[in-house]
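Novice: Sharing a structure with you now.
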């Protein structure tokens with residue numbers, strides 16, 4: 001708490017923005033503590049405007065969770081390809097997508113008020129391909145209510161709210177743990193019926209995001225950087241990815257002509273010299 005207060009004293013709402021955003025992206029940093037510390041700092045010193053603190057915290061939480069959502073969405077193919085190593089079969093992956101399709105909005109809103117869930121909610125929503133419009137709406141709602149309620153309470157009651165909030169978090173943590181345990185037990189006991197509902201709601205094969213080419217490029221870049229063999233990162237791309245088709249067409253064209261200068265992507269920047277062209281003949285004066 002003291003370290004966060006020092007950062008707020010030195011950098012103001014910028015410190016709040018960075019810490020809250022990083023927590024909502026998926027990093028284990030004290031975003032809620034930053035909000036409470038900034039609100040209490042604004043209430044005791046009046047060096048910060050409380051409305052700027054609340055707006056900054058809400059906007060940072062929204063943006064950070066959006067980043068986490070797109071990271072989960074972008075690397076969803078990893079779960080499909082390697083999920084079997086952690087017993088995540090295709091049926092269970094589809095079950096997760098079904099649960100977020102039906103109840104993802106509740107999860108995103110409630111997770112904003114629970115420390116651990118607040119950190120991973122965006123990633124889970126992205127990995128399970130929650131519809132982005134519903135995610136954006138519930139993300140904005142949860143972040144605004146969280147920042148306004150917690151921030152203004154800390155601004156009004158100061159350190160007294162901090163003590164009450166610590167006790168409340170213990171109660172909320174116990175309730176959350178009980179709900180998670182109950183949910184896991186319920187899903188395991190009714191997994192067959194839930195998977196049948198998921199198959200009916202989401203028929204056909206698993207849907208791989210169209211943006212998989214970018215994450216595949218990152219995987220190949222990582223493999224080349226650390227010197228892994230080609231088989232270590234074998235990425236299958238979506239067959240209807242326009243980006244993949246463009247790259248394949250460009251490489252096919254490049255193979256059928258003499259190459260000129262090459263850029264870092266391996267594609268020609270322009271036509272090269274034709275080595276078979278006749279050399280110019282100099283005419284000597286008679």
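The values are calculated or read from the model by the stated rules, or taken from the named source; none is laboratory data. What you see is a predicted model, and the numbers here were worked out from it, not measured in a lab. Methodologically, a virtual Cβ is constructed for each residue, glycine included, from the backbone with ideal geometry; neighbour enumeration extends over all protein chains shown.
Novice: Can you spot a residue in the stretch 7-24 that is part of a loop (DSSP other than H, G, I, E, B) and free of Cβ contacts under 8 Å to residues at least 12 places away in the same chain?
Specialist: No; the residues of the stretch 7-24 include none that is part of a loop (DSSP other than H, G, I, E, B) and free of Cβ contacts under 8 Å to residues at least 12 places away in the same chain.
Novice: Looking at (1) more than 26 Å from the chain's Cα centre (by Cα); (2) surrounded by fewer than 24 Cβ atoms within 10 Å (Cβ to Cβ), can you tell me which one residue 39 breaks?
Specialist: Result: residue 39 passes all but (2).
Novice: Which residues, taken from the stretch 38-54, are within 13 Å of residue 12 (Cα to Cα) and in contact (Cβ under 8 Å) with a residue 40 or more places away in the chain?
Specialist: Across the stretch 38-54, the qualifying residues are 38, 39, 40, 42, 48, 50, 53, 54.
Novice: Here's a follow-up. Would you confirm, using the coordinates I've provided, whether residue 48 is surrounded by 20 or more Cβ atoms within 10 Å (Cβ to Cβ), assigned by TED's automatic domain parsing to the domain that holds residue 188, out of contact with any strand residue (DSSP E or B) (no Cβ under 7 Å at 6 or more places or on another chain) and not in a helix (DSSP H, G or I)?
Specialist: Working: surrounded by 20 or more Cβ atoms within 10 Å (Cβ to Cβ): yes; assigned by TED's automatic domain parsing to the domain that holds residue 188: yes; out of contact with any strand residue (DSSP E or B) (no Cβ under 7 Å at 6 or more places or on another chain): yes; not in a helix (DSSP H, G or I): yes.
Against the criterion (surrounded by 20 or more Cβ atoms within 10 Å (Cβ to Cβ), assigned by TED's automatic domain parsing to the domain that holds residue 188, out of contact with any strand residue (DSSP E or B) (no Cβ under 7 Å at 6 or more places or on another chain) and not in a helix (DSSP H, G or I)), residue 48 qualifies.
Novice: Same structure, new question: Got at least one residue in the stretch 145-166 being in contact (Cβ under 8 Å) with a residue 12 or more places away in the chain, more than 30 Å from residue 45 (Cα to Cα), assigned to a helix (DSSP H, G or I) and over 25 Å from the mean Cα position of the chain (by Cα)?
Specialist: no
Let's see how each residue does on (1) under 24 Å from residue 195 (Cα atoms); (2) crowded, with 16+ Cβ neighbours inside 10 Å:
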residue	(1), (2)
99	yes, yes
110	no, yes
116	no, no
125	yes, yes
128	yes, yes
138	no, yes
155	no, yes
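Novice: Taking the criterion of being over 18 Å from residue 124 (Cβ atoms), modelled with pLDDT of 95 or more and either more than 14 Å from the chain's Cα centre (by Cα) or not assigned by TED's automatic domain parsing to the domain that holds residue 151 (or both), would at least one residue in the stretch 19-27 satisfy it?
Specialist: Scanning the stretch 19-27, I find at least one residue that is over 18 Å from residue 124 (Cβ atoms), modelled with pLDDT of 95 or more and either more than 14 Å from the chain's Cα centre (by Cα) or not assigned by TED's automatic domain parsing to the domain that holds residue 151 (or both), so the answer is yes.
Novice: How many residues does the stretch 165-190 contain that are within 22 Å of residue 99 (Cβ to Cβ) and loosely packed, with under 11 Cβ neighbours inside 10 Å?
Specialist: Counting residues in the stretch 165-190 that are within 22 Å of residue 99 (Cβ to Cβ) and loosely packed, with under 11 Cβ neighbours inside 10 Å gives 7.
Novice: When residue 32 is evaluated against the numbered criteria (1) touching a helix residue (DSSP H, G or I) at 6+ places or on another chain (Cβ under 6 Å); (2) under 30 Å from residue 126 (Cα atoms), which criterion, by number, is the only one it fails?
Specialist: Residue 32 satisfies all of (1) touching a helix residue (DSSP H, G or I) at 6+ places or on another chain (Cβ under 6 Å); (2) under 30 Å from residue 126 (Cα atoms) except (1).
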